[in-house]
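Asks: This is the structure I want to talk about, given as structure tokens.
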Amino acid sequence: MIDTTRIEKNGKVMLLAYDQGFEHGPVDFNEKTVDPAYIMEIAKNGYFSGVVFQEGVAAKYYPSASSGQVQNVPPLIVKLNGKTSFQGEEPLSLQLCTVEKAASLGAIGVGYSIYVGSEIEERMMVEFSKIEDEAHARGIIVIAWMYPRGRKVAGREADRDVVAYGARIGMELNADFVKVPYTGDSESFEWVVRAAGKTGVLAQGGKKVDWENLDLEIEGAMKAGARGIAIGRNVWQDKYPNDISKKLSEIVFK
């Protein structure tokens with residue numbers, strides 16, 4: 001069994017995600033947030049149970065074990081695949097970083113996106129399956145970003161049955177956690193959680209929204225049985241990121 005408690009507090013997970021620079025480009029950033037060092041400062045505030053980086057950010061900004069500063073930051077999850085925002089209707093995201101390299105950077109977990117509903121989804125599933133085997137053999141936690149994308153699911157990316165299908169696939173592929181979009185209400189999201197079985201469900205933070213809407217979404221996801229959240233822009237795009245992360249932690253870890 002993989003020890004998932006390494007990225008948990010009180011049995012729950014709150015990840016700070018910063019892979020948007022690769023996926024979206026600098027459009028999400030301002031003068032502060034474009035600097036990964038600023039994100040590391042937010043990560044050090046004590047509320048997060050893990051931080052998600054692509055390989056280059058992890059290599060350049062996450063403290064190495066030799067620095068003696070790793071104990072001051074949340075555990076590292078390295079995202080192993082990625083794509084640009086220039087792709088068409090049928091997205092494909094393939095492996096860019098190895099499990100071995102992620103481990104050498106100090107990662108205790110790895111992440112991988114599968115675009116459920118893409119006509120090319122099988123390529124990602126096959127690749128993920130090999131990554132899962134290697135990571136688990138090393139005792140590394142595996143998180144699957146199960147995102148509905150592509151013409152087969154166009155306009156239904158947050159539908160209960162579509163999101164639940166993605167969560168179920170993640171469980172069947174032996175992911176420890178799946179990161180999925182929130183379906184809009186607690187009742188429908190409860191079905192997503194049930195579909196994932198013993199695989200923990202993490203609600204996606206998504207685009208920046210006002211606190212009232214974010215509060216309702218996270219409350220709803222946790223009420224439905226989610227194991228936690230993986231959130232980025234709604235924290236580090238905020239004027240007061242530490243305040244937002246504290247509020248979120250009170251919902252997630254209570």
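The values are calculated or read from the model by the stated rules, or taken from the named source; none is laboratory data. The shown structure was predicted, so the numbers you read here are calculated from the model rather than taken from an experiment. Neighbour counts run over all protein chains shown; Cβ positions are idealised from the backbone, glycine included.
Asks: Looking at (1) part of a helix (DSSP H, G or I); (2) loosely packed, with under 13 Cβ neighbours inside 10 Å; (3) at pLDDT below 95, find the lone condition where Lys60 falls short.
Replies: So the condition that Lys60 fails would be (3).
Asks: Do the conditions hold for Asn242, that is, is it among the polar types (S, T, N, Q), surrounded by fewer than 21 Cβ atoms within 10 Å (Cβ to Cβ), modelled with pLDDT of 95 or more and touching a strand residue (DSSP E or B) at 6+ places or on another chain (Cβ under 9 Å)? Write out each step before concluding.
Replies: On the way: among the polar types (S, T, N, Q): yes; surrounded by fewer than 21 Cβ atoms within 10 Å (Cβ to Cβ): yes; modelled with pLDDT of 95 or more: yes; touching a strand residue (DSSP E or B) at 6+ places or on another chain (Cβ under 9 Å): no.
No: the conditions fail for Asn242.
Asks: Among the residues of the stretch 131-153, are any over 25 Å from Tyr61 (Cβ atoms), of a type in the set (Val, Ile, Thr) and surrounded by fewer than 16 Cβ atoms within 10 Å (Cβ to Cβ)?
Replies: no
Asks: Scan the stretch 152-166 and report the pairs whose first residue is closer than 15 Å to Gly197 by Cα and whose second residue is polar (S, T, N, Q), with Cβ atoms within less than 6 Å and a gap of 6+ or a chain change.
Replies: Short answer, once both residue conditions are applied: Val163/Thr183.
Asks: Could you grab me the full set of residues in the stretch 31-57 that are assigned to a loop (DSSP other than H, G, I, E, B) and either among the β-branched types (Val, Ile, Thr) or more than 23 Å from Lys247 (Cα to Cα) (or both)?
Replies: Looking only at the stretch 31-57, we keep the residues that are assigned to a loop (DSSP other than H, G, I, E, B), and these are 31-35, 44-49.
The answer is Glu31, Thr33, Val34, Asp35.
Asks: Can you report the number of residues in the stretch 114-147 which are in contact with a Gly (Cβ under 6 Å, 6 or more places away or on another chain), without any contact (Cβ under 8 Å) to a residue 60 or more places away in the chain and of a type in the set (A, V, I, L, M)?
Replies: So the answer is 3.
Asks: Now for a different question. Need pairs with beta-carbon distance below 7 Å; first residue of a type in the set (S, T, N, Q) and within the stretch 86-104, second surrounded by fewer than 18 Cβ atoms within 10 Å (Cβ to Cβ); sequence gap 6+ or separate chains.
Replies: Filtered contacts from the stretch 86-104: Ser93/Lys83; Gln95/Glu127.
Asks: Condition (residue is under 17 Å from Ala196 (Cα atoms), charged (D, E, K, R) and not in a strand (DSSP E or B)) applied to the stretch 123-141: is it met by at least one residue?
Replies: yes
Asks: Which ones in the stretch 165-180 are under 17 Å from Met14 (Cα atoms) and either surrounded by fewer than 21 Cβ atoms within 10 Å (Cβ to Cβ) or among the β-branched types (Val, Ile, Thr) (or both)?
Replies: Val178, Val180
Asks: Taking Ala196 as the residue in question, decide whether it is small (Gly, Ala, Ser), within 24 Å of Gly232 (Cβ to Cβ), touching a residue at least 24 places away in the same chain (Cβ under 8 Å) and buried (at least 22 other Cβ atoms within 10 Å of the Cβ).
Replies: Numbers: small (Gly, Ala, Ser): yes; within 24 Å of Gly232 (Cβ to Cβ): yes; touching a residue at least 24 places away in the same chain (Cβ under 8 Å): yes; buried (at least 22 other Cβ atoms within 10 Å of the Cβ): yes.
Considered against the rule, which asks whether it is small (Gly, Ala, Ser), within 24 Å of Gly232 (Cβ to Cβ), touching a residue at least 24 places away in the same chain (Cβ under 8 Å) and buried (at least 22 other Cβ atoms within 10 Å of the Cβ), Ala196 comes out as yes.
Asks: Name the residue that is surrounded by the most Cβ atoms within 10 Å (Cβ to Cβ), counting only residues in the stretch 82-115 that are at pLDDT 95 or above, of a type in the set (Gly, Ala, Ser) and in a loop (DSSP other than H, G, I, E, B).
Replies: Ser93
Asks: Based on this model, can you work out whether Arg233 counts as of a type in the set (Lys, Arg) and either at positive phi or crowded, with 19+ Cβ neighbours inside 10 Å (or both)?
Replies: Values: of a type in the set (Lys, Arg): yes; either at positive phi or crowded, with 19+ Cβ neighbours inside 10 Å (or both): yes.
Considered against the rule, which asks whether it is of a type in the set (Lys, Arg) and either at positive phi or crowded, with 19+ Cβ neighbours inside 10 Å (or both), Arg233 comes out as yes.
Asks: Please enumerate the residues belonging to the stretch 26-68 that are closer than 22 Å to Asn81 by Cα, of a type in the set (Asp, Glu) and over 18 Å from the mean Cα position of the chain (by Cα).
Replies: Asp35
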